[in-house]
Every structure is written in structure tokens, then in C-alpha cells.
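Let me begin by presenting the structure, written as C-alpha cells, before commenting on it.
The values are calculated or read from the model by the stated rules, or taken from the named source; none is laboratory data. Computed from a predicted structure; not experimentally measured. As a convention, Cβ positions derive from the backbone with ideal geometry for all residues, glycine included, and neighbour counts pool all protein chains shown.
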């Protein structure tokens, strides 16, 4: 895996040769910490690689075999991965809900908070309340058992 940099937006001091000045405000320019512009960097990226864009929070944003389809910005990182690396699938839909672990260089499922107002959130709330109720019932059963044992030890019979 090749780390290509963390990218941030910038305004170029001068435009590339032949670039129409009237178009400059319509282009989003970004470069990495080494001053490499993403457009120039793409020209020399190796073939037969997958390109992975990872957001600042380590969420995988894009995976593609064509470097022209990835655009890291606002602290996003760009990696090039051997195309035969099974740990990084090309199918971007398979990466929904994943994050990139820079230490292991692997993609893993990301725990995302559940919106409490969504159907999943309401279901989770009901399940949590059900667990609490079950625990309360179990605690009451245990309390009744202990009371019955005490009464039996005293020789009292429950009515």
C-alpha cells in the first residue's frame, strides 16, 4: 500500500499552462502535505492499483481503479493499493459502513451511531427497554425467593 498524502483545498498562485483563467474559480484545487496537486499527481499514478480515499475520521469514501474518480479533500487521505489486494474491494457499495485502519492497512466495519428516531433506533430502544424489564423481573423473582426462604426459616408459612 502506498500512502499518497493528506489533501487540503488551496488556491494556486499561478494556473497551469493553457488553463483558461475564467475557469479557475470553477475548479476545486487540492494538494497534499508535500505540495503535490491532485491533478498532477494523478498523471503519474501507477496502473493496476485500487485508489482508496479515506476521510479525516477514517471513513472509506471511495475505492476505484481509476485515479480520476477519487478526490480527497478537507484532510482526506489517498492510498494506492495493489489491484490484487483482497482486503480492499473495488465495489464501493461493499464499503458502506466501513473505516480504514491505517495501522493494519485494512478496511473494517465501522460502528455507526443509530438515529434514535429511525425504525432501527426505535427497535433498539424497545429491545433495550425489554432487557431492562426482564432484568427487573428477574430481580423481583430473586427478592421474593429470598423472602420466602427467610419466612420458611422462621417457620412461617406463606399465605
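For residue 60, state whether it is assigned by TED's automatic domain parsing to the domain that holds residue 103 and out of contact with any helix residue (DSSP H, G or I) (no Cβ under 8 Å at 6 or more places or on another chain).
Values: assigned by TED's automatic domain parsing to the domain that holds residue 103: yes; out of contact with any helix residue (DSSP H, G or I) (no Cβ under 8 Å at 6 or more places or on another chain): no.
No: the conditions fail for residue 60.
Results for (1) within 15 Å of residue 80 (Cβ to Cβ); (2) touching a residue at least 40 places away in the same chain (Cβ under 8 Å), shown as yes or no for each residue.
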site: 14; (1), (2): no, no
site: 17; (1), (2): no, no
site: 20; (1), (2): no, no
site: 24; (1), (2): no, no
site: 27; (1), (2): no, no
site: 33; (1), (2): no, no
site: 42; (1), (2): yes, no
site: 58; (1), (2): no, yes
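With the condition being at pLDDT below 70, I'd like the strands (runs of 3 or more DSSP E) fully within region 35-113 carrying at least 3 qualifying residues.
Working: elements: 49-54, 60-64, 76-82, 98-101, 106-109.
Qualifying strands (runs of 3 or more DSSP E): 106-109.
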